[in-house]
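Can you keep this structure in mind? I'll have questions shortly.
The values are calculated or read from the model by the stated rules, or taken from the named source; none is laboratory data. Since we're looking at a predicted model, the values are computed, not measured. As a convention, Cβ positions derive from the backbone with ideal geometry for all residues, glycine included, and neighbour counts pool all protein chains shown. Heads up: the accessible areas ignore ligands, DNA and RNA and are worked out on the full protein's heavy atoms, side chains in. Shrake-Rupley method; radii C 1.70, N 1.55, O 1.52, S 1.80 Å.
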Amino acid sequence: MTNMSKTALVTGGSRGIGRAIALALAEVADKVAIFYAGNQAAAEDTVKALEARGAQALAIQCDVSDETAVKAAVNQVREAFGPVHILVNNAGITKDGLTLRMSAADFEKVVSVNLNGAFHMISACYRDLMKAGWGRILNISSVSGLMGNPGQANYAAAKAGMIGLTKTIARELASRGVTVNAICPGFIETDMTASMNQETLDQAVKNVPLGRLGTAQDIASAAGFLCSDQANYITGAVLQVDGGMYM
Ligand code: NAD
């Protein structure tokens, strides 16, 4: 479907990995919408960068954990750009703490953004994807969801849940020409890892065979591929982009 006009939608597209993915998708879609949580200046900056790459672009503030808000925001995208063909569930948060001290509220909050958010987005786009006969869903999970990680019971559970979600929707939509995959990033240099102290980061790098932290672009390159026609025969895949950390 190389010549088809396509709309891509990336959650958490204002900064970090989501921004890099949105920019990569400007190569495969002519219209790119991003959802962001609160940083309007960063969202507007991403819109300008997308337009500079020749895409029509739109940023909408939308909390992905709020089902009603998601429905309304996806409708806004549909009105402006038509049906969504490429959905990237990238929005995510952490609220780390050892399980002994983790509140139920912090557990639920992380699951509700990372996992429920992806479900709300998929539900809101599902019919459009089914009807188009071509589509892509890409879920940004984490190596934490594969390996577990002390202090991340909430995050690892949510990210592991995204893998089950990916494989189920992949099976549901396969006959409609829609592929559904997940990427598991390792340690990537973004705002999310900027708060970690140097000692923890040095320790993390020791566990990475390729010997460095990843970049948002490392994830975006894989995302651009999985969302392109080059990846037509890949569905239900869980791709680690982690410098070999989990193997
Ligand atoms: P980041 O904190 O820099 O960006 C997160 C993005 O999510 C922001 O754009 C923010 O606006 C958005 N967001 C947060 N809560 C939201 C909500 N409720 N509704 C809508 N948007 C919301 O993080 P990042 O490092 O770029 O991470 C992006 C994704 O990659 C996340 O899902 C994260 O879990 C995952 N990931 C990151 C790493 C890493 O090392 N940085 C590793 C593995 C997985």
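Sorted by average packing, counted as other Cβ atoms within 10 angstrom per residue and highest first, what order do 94-102, 220-228 take?
220-228, 94-102
Hey, another quick one. How big is the Rg/Rh ratio for segment 1-98, C-alpha atoms only, Rh by Kirkwood, two decimals?
Working: Rg = 13.1 Å, Rh = 13.4 Å.
Dividing the radius of gyration by the Kirkwood radius yields 0.98.
Take Gln230 and Thr168, extend 7 Å from each Cα along the Cα→Cβ direction, and tell me the distance between the two endpoints in nm.
Placing both labels 7 Å along Cα→Cβ, they lie 3.2 nm apart.
To continue, here is another question. Mind putting together the pair-distance distribution for segment 69-173? All Cα pairs, 10 Å bins, whole percent per bin, short to long.
15, 42, 27, 13, 2
Farthest toward the dipole's positive end in the chain, which of Gly12, Gln198, Leu213, given Cβ charges of +1 (Lys, Arg) and -1 (Asp, Glu) about the Cα centre?
The residue sitting most towards the positive pole is Gly12.
Using only the heavy atoms of the protein chains and a 1.4 Å probe, how would Arg53, Arg171 rank by accessible area, largest first?
The ranking, largest first, comes out as Arg171, Arg53.
For the chain, with all protein chains present and a 1.4 Å probe, just round the carbon and sulfur fraction of the accessible area to a whole percent. Present the calculation step by step, with values, prior to reporting the outcome.
Values: 5860 of 11470 Å².
Of all accessible area on the chain, carbon and sulfur atoms account for 51 percent.
For segment 197-213, in order, what is each residue's ³J(HN,Hα) by Karplus, 6.51 cos²θ - 1.76 cosθ + 1.60 with θ = phi - 60°, in whole Hz (x at glycine and Pro)?
Per-residue couplings from phi come out as 6, 4, 4, 5, 5, 4, 5, 4, 4, 4, 8, 10, x, 6, x, 7, 6 Hz.
Sorting check: for 122-133, 199-210, which peptide has the highest mean count of neighbouring beta carbons within 10 Å, and how do the rest follow? All intermediate terms of the calculation are to be shown ahead of the outcome.
Details: 122-133: 17.5, 199-210: 12.2.
Result, highest mean Cβ count within 10 Å first: 122-133, 199-210.
Something else: Could you list the square roots of 5 times each eigenvalue of the Cα gyration tensor of the chain, that is, the equivalent ellipsoid semi-axes, sorted largest first and rounded to whole Å?
Equivalent-ellipsoid dimensions as semi-axes: 27, 19, 18 Å.
Another question, then. Provide the gained length on full extension for the span Asp66 to Lys109, in nm with one decimal, where the gain is 0.36 nm per separating residue minus the Cα-Cα distance. Walk me through the numbers on the way to the answer.
Numbers: separation 43, 0.36 × 43 = 15.48 nm, distance 1.14 nm.
Taking 0.36 nm per residue and subtracting the Cα distance, the gain is 14.3 nm.
For a 21 Å ceiling on Cα separation, which of these pairs sit above it: Lys6/Lys167; Lys48/Lys159; Lys6/Lys159; Lys6/Lys48? Walk me through the numbers on the way to the answer.
Values: Lys6/Lys167 24 Å; Lys48/Lys159 31 Å; Lys6/Lys159 28 Å; Lys6/Lys48 19 Å.
In this structure, Lys6/Lys167; Lys48/Lys159; Lys6/Lys159 lie more than 21 Å apart at Cα.
Using the Karplus equation 6.51 cos²θ - 1.76 cosθ + 1.60 (θ = phi - 60°), what ³J(HN,Hα) coupling, rounded to whole Hz, does each residue of segment 88-96 give in order, writing x for Gly and Pro?
Values, residue by residue: 10, 8, 10, 4, x, 9, 10, 9, 6 Hz.
Between the helical axis of 216-226 and the dominant principal axis of the chain, each derived from Cα atoms, what acute angle in degrees is found, rounded to the nearest 10?
40 degrees
Farthest toward the dipole's positive end in the chain, which of Gln76, Ile188, Ala132, given Cβ charges of +1 (Lys, Arg) and -1 (Asp, Glu) about the Cα centre?
Checked the options; the winner is Ala132.
What dipole magnitude, in Debye to the nearest 20, does segment 1-89 give about its Cα centre under +1 on Lys/Arg Cβ and -1 on Asp/Glu Cβ?
Working: 8 positive and 9 negative charges, 36 e Å.
Computed charge dipole of segment 1-89: roughly 180 debye.
If the chain between Leu201 and Glu189 were fully stretched, how many nm would it gain, using 0.36 nm times the residue separation less the Cα-Cα distance? Show your work: numbers first, answer last.
Working: separation 12, 0.36 × 12 = 4.32 nm, distance 0.99 nm.
Taking 0.36 nm per residue and subtracting the Cα distance, the gain is 3.3 nm.
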